[in-house]
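*Asks:* Pasting a structure below so you can have a look.
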Amino acid sequence: MMEAKLKHLDMIQGVINRMASNSFVFKGWSITIIAGLSAFAAKDTNNRLLVLSVVATILFWLVDAYYLSLERAYRDLYDKVAKLIQRRWILA
């Protein structure tokens, strides 16, 4: 029984680690894309590209906020499962 709970915690931790890794890669790509769009907008004084870079910034920010909220929810789940394991282990 305890082994199954520990595997459950490992699975949750794996999800948290993947989300953190994906968020880091996503932030790197967003900075690269936004910097490129801003550079082209400044070079050509193209207002459309500037607006596109602002919209891209907002969209990347929203997606990152979504991923962070999911990661926080999985951290809360991890804490709940860990406390459940401790209570049952102490009672046994």
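*Asks:* So V15 fits all but one of (1) among the hydrophobic types (A, V, I, L, M, F, W, C); (2) surrounded by 11 or more Cβ atoms within 10 Å (Cβ to Cβ); (3) modelled with pLDDT under 90; what number is the exception?
*Replies:* Just one mismatch for V15, condition (3).
*Asks:* Moving on to the next point. Among the residues that make up segment 11-19, is at least one of them more than 27 Å from E71 (Cβ to Cβ), part of a helix (DSSP H, G or I) and among the small types (G, A, S)?
*Replies:* We begin by selecting, within segment 11-19, every residue more than 27 Å from E71 (Cβ to Cβ); these are none.
No, segment 11-19 contains no residue that is more than 27 Å from E71 (Cβ to Cβ), part of a helix (DSSP H, G or I) and among the small types (G, A, S).
*Asks:* So in segment 41-74, with the set limited to residues that are over 12 Å from the mean Cα position of the chain (by Cα), assigned to a helix (DSSP H, G or I) and not aliphatic (A, V, I, L, M), which one is modelled with the lowest pLDDT? Before the answer, list the steps.
*Replies:* Of all residues in segment 41-74, those over 12 Å from the mean Cα position of the chain (by Cα) come to 41-59.
Checking which are assigned to a helix (DSSP H, G or I) leaves us with 41-44, 47-59.
Still in the running and not aliphatic (A, V, I, L, M): 43-44, 47-48, 53, 57.
Working: K43: 85, D44: 80, N47: 85, R48: 87, S53: 88, T57: 90.
The extreme case among them is D44.
*Asks:* Right, another one. Pairs under 8 Å by beta carbon, first residue closer than 17 Å to A73 by Cβ in segment 11-27, partner among the acidic types (D, E), six or more apart or different chains?
*Replies:* I16/E71; M19/E71; A20/E71; S23/D64; S23/E71
*Asks:* Taking the condition of being touching a residue at least 24 places away in the same chain (Cβ under 8 Å) and of a type in the set (D, E, K, R), how many residues in segment 57-81 meet it? Working first, answer last.
*Replies:* So the first thing to find is which residues in segment 57-81 are touching a residue at least 24 places away in the same chain (Cβ under 8 Å), and the list is 57, 60, 63-64, 67-68, 70-71, 74-75, 77-78, 81.
Of the ones still in play, those that are also of a type in the set (D, E, K, R) are 64, 71, 75.
Total satisfying the criteria: 3.
*Asks:* Is one or more of the residues making up segment 24-35 touching a Lys or Arg at 6+ places or on another chain (Cβ under 9 Å) and on the phi < 0 side of the Ramachandran plot? Spell out the reasoning first.
*Replies:* Keep residues of segment 24-35 that are touching a Lys or Arg at 6+ places or on another chain (Cβ under 9 Å), which gives none.
No, that holds for no residue.
The values are calculated or read from the model by the stated rules, or taken from the named source; none is laboratory data. Please read all numbers here as calculations on a predicted model, not as lab measurements. We place every Cβ from the backbone using ideal geometry, glycine too, and count neighbours over all the protein chains shown.
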